[in-house]
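Right, one structure below, let's go through it.
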Amino acid sequence: MTTLFTNARLIDPEGGTDAPGQLLVRNGRIAAVDAASDPAALLAAQGLRAEDVTVQDCGGKCLAPGIVDIGVKVCEPGERHKESYKTAGLAAAAGGVTTIVTRPDTAPAIDSPETLEFVTRRAQADTPVNVLPMAALTKGREGREMTEIGFLMDAGAVAFSDCDHVVTDTKVFQRALAYARSCGALVIAHPQEPVLSRGAAATSGKFAALYGLPAVSPMAERMGLDRDIALLEMTGAKYHADQITTARALPALERAKANGLDITAGTSIHHLTLNELDVAGYRSFFKVKPPLRAEDDRLAVVEAVRTGLIDIISSMHTPQDEESKRLPFEEAAAGAVALETLLPAALRLYHAELLDLPTLFRAMALNPARRLGLDSGRLAVDAPADLVLFDADVPFVLDRFKLRSKSQNTPYDGQRMQGRVEATFVAGEAVYRRD
């Protein structure tokens, strides 16, 4: 199938451009990108006839690489009532996410080739978007014995993580990093000092004290990152910090990069667009891990994304059912769904003139693809035609009951958003079109 996208506003994170143009897709890959406005000339240059091409008029809307979302929780096996591969795939497609990188914090954990094979089969059968699985770094995510990293890589694992279970035994973590380096594996860790952060529901400060919430100092994130950086110096492993959310952690990250360590960092869309004051009224849909931070921290992290110090923005999609969330704030489960809200929420930063669109898609598409060794995330010839067409300006009020996830625990419920996905394409085929 050959498709010509005309009258588009092309968002190119690799070139850093936002400009009108047209894009040709052949056999699931990008065949040409042209700033000119004459479709006939482009087709002639490619040796194509107009009658052999499907034309998609973008109506001046934005056409960008599909989002590559690292850190998506799909609750299979074990908690399928919260999210299945089918519902996660539908939510991803509706959110412009063309590749989801799934977390291993399931029940049981994805820590063996057999479990990994099970989720891979389910994903291939039920999901319209690309699915790349992570595997656990230690067996059962218990931090005592590392998994069979080589066998899991052979079975398709693209990275290894114990998610929010910090490996407290430094020797075990050091050995796992050293072995991962020998295999060329990427380790994704959650920088947090586990004892200080145990049981925390908020970030320490006046607000947490006023509300009587158990809190954790931002220094806990800095301390966890410092330890991991020291182990990277020992082992030379490939490392990604899943969420950097405080200003205190940024200087350590900057030094590690300047020293040549193979380190990247991400942050979640919730920490970029919300702050600790949003939990006023003990609204448990705003309870995430790590907890929402002070406004100064939020702005510092946004600036770190702008400069490239923080490489990746992810949804950290974590479905929780009503029974887990409709509890006193301290007891409520942490996490929020975000596959479908990632792009509209990110566009808040664009409309606030904090980040431009190429920078947003550098962090949501290009950088995560590069970190995983994928050739997607770009508007370039021969790149996969994984694309999202969206209107950056259309306003709407978010209704959580219209989300495609099984769980609807979103902090954006009832909020005014600006920007919506019109269509999503995987290998040039439409997997979602807005009604």
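Can you find even one residue in the stretch 345-352 that is free of Cβ contacts under 8 Å to residues at least 60 places away in the same chain, part of a loop (DSSP other than H, G, I, E, B), hydrophobic (A, V, I, L, M, F, W, C) and out of contact with any helix residue (DSSP H, G or I) (no Cβ under 8 Å at 6 or more places or on another chain)?
Yes, some residue in the stretch 345-352 is free of Cβ contacts under 8 Å to residues at least 60 places away in the same chain, part of a loop (DSSP other than H, G, I, E, B), hydrophobic (A, V, I, L, M, F, W, C) and out of contact with any helix residue (DSSP H, G or I) (no Cβ under 8 Å at 6 or more places or on another chain).
All conditions in (1) over 30 Å from Phe151 (Cα atoms); (2) touching a Phe, Trp or Tyr at 6+ places or on another chain (Cβ under 8 Å); (3) open to solvent by 60 Å² or more (accessible area, probe 1.4 Å) hold for Glu276, with the sole exception of (3). For the condition closer than 23 Å to Leu292 by Cα, of a type outside the set (A, V, I, L, M, F, W, C) and either in contact with a Cys (Cβ under 6 Å, 6 or more places away or on another chain) or touching a residue at least 60 places away in the same chain (Cβ under 8 Å) (or both), Ser161 qualifies. Would you confirm whether or not the stretch 236-244 contains a residue that is of a type in the set (A, V, I, L, M, F, W, C), touching a Pro at 6+ places or on another chain (Cβ under 8 Å) and either open to solvent by less than 10 Å² (accessible area, probe 1.4 Å) or under 24 Å from Leu342 (Cβ atoms) (or both)? Yes, there is a match, as at least one residue in the stretch 236-244 is of a type in the set (A, V, I, L, M, F, W, C), touching a Pro at 6+ places or on another chain (Cβ under 8 Å) and either open to solvent by less than 10 Å² (accessible area, probe 1.4 Å) or under 24 Å from Leu342 (Cβ atoms) (or both).
Restricting to the stretch 268-283, name every residue that is closer than 14 Å to Pro214 by Cα and of a type outside the set (D, E, K, R). Give the steps one after another, and end with the answer.
The initial filter retains those residues of the stretch 268-283 that are closer than 14 Å to Pro214 by Cα, namely 276, 279, 282.
Val279, Tyr282 - these are the residues of the stretch 268-283 that are closer than 14 Å to Pro214 by Cα and of a type outside the set (D, E, K, R).
Pairs only if they're at least six apart or on different chains, beta carbon under 7 angstrom, first in the stretch 272-285 and in contact (Cβ under 8 Å) with a residue 60 or more places away in the chain and under 12 Å from Pro411 (Cα atoms), second of a type in the set (Asp, Glu) and surrounded by 14 or more Cβ atoms within 10 Å (Cβ to Cβ); list them, first residue then second. So the pair list comes out as Phe285/Asp413.
For the stretch 1-18, a residue qualifies if it is within 18 Å of Leu366 (Cα to Cα) and either touching a Leu at 6+ places or on another chain (Cβ under 6 Å) or not small (Gly, Ala, Ser) (or both), and the qualifying residues are Arg9, Leu10, Ile11, Asp12, Pro13, Glu14, Thr17, Asp18. Tell me whether the stretch 340-352 contains one or more residues that are over 21 Å from Ala92 (Cβ atoms), open to solvent by less than 30 Å² (accessible area, probe 1.4 Å) and not aromatic (Phe, Trp, Tyr). No, the stretch 340-352 has no match at all.
Results for (1) surrounded by fewer than 22 Cβ atoms within 10 Å (Cβ to Cβ); (2) in contact with a Lys or Arg (Cβ under 9 Å, 6 or more places away or on another chain), shown as yes or no for each residue.
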{"position": "Phe361", "(1), (2)": "no, no"}
{"position": "Ala365", "(1), (2)": "no, yes"}
{"position": "Pro368", "(1), (2)": "no, no"}
{"position": "Val381", "(1), (2)": "yes, yes"}
{"position": "Asp391", "(1), (2)": "yes, yes"}
{"position": "Val397", "(1), (2)": "yes, yes"}
{"position": "Lys406", "(1), (2)": "yes, yes"}
{"position": "Gly414", "(1), (2)": "yes, yes"}
{"position": "Ala427", "(1), (2)": "yes, yes"}
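Here Arg420 meets each of (1) closer than 30 Å to Ala157 by Cβ; (2) open to solvent by 10 Å² or more (accessible area, probe 1.4 Å); (3) touching a residue at least 12 places away in the same chain (Cβ under 8 Å) with one exception, condition (1).
The values are calculated or read from the model by the stated rules, or taken from the named source; none is laboratory data. Please read all numbers here as calculations on a predicted model, not as lab measurements. FYI the Cβ positions are ideal-geometry reconstructions off the backbone, even for glycines, and counts take in every protein chain you see. Note: accessible area is taken over every heavy atom of the protein model, side chains too, but ligands, DNA and RNA are not part of it. Shrake-Rupley method; radii C 1.70, N 1.55, O 1.52, S 1.80 Å.
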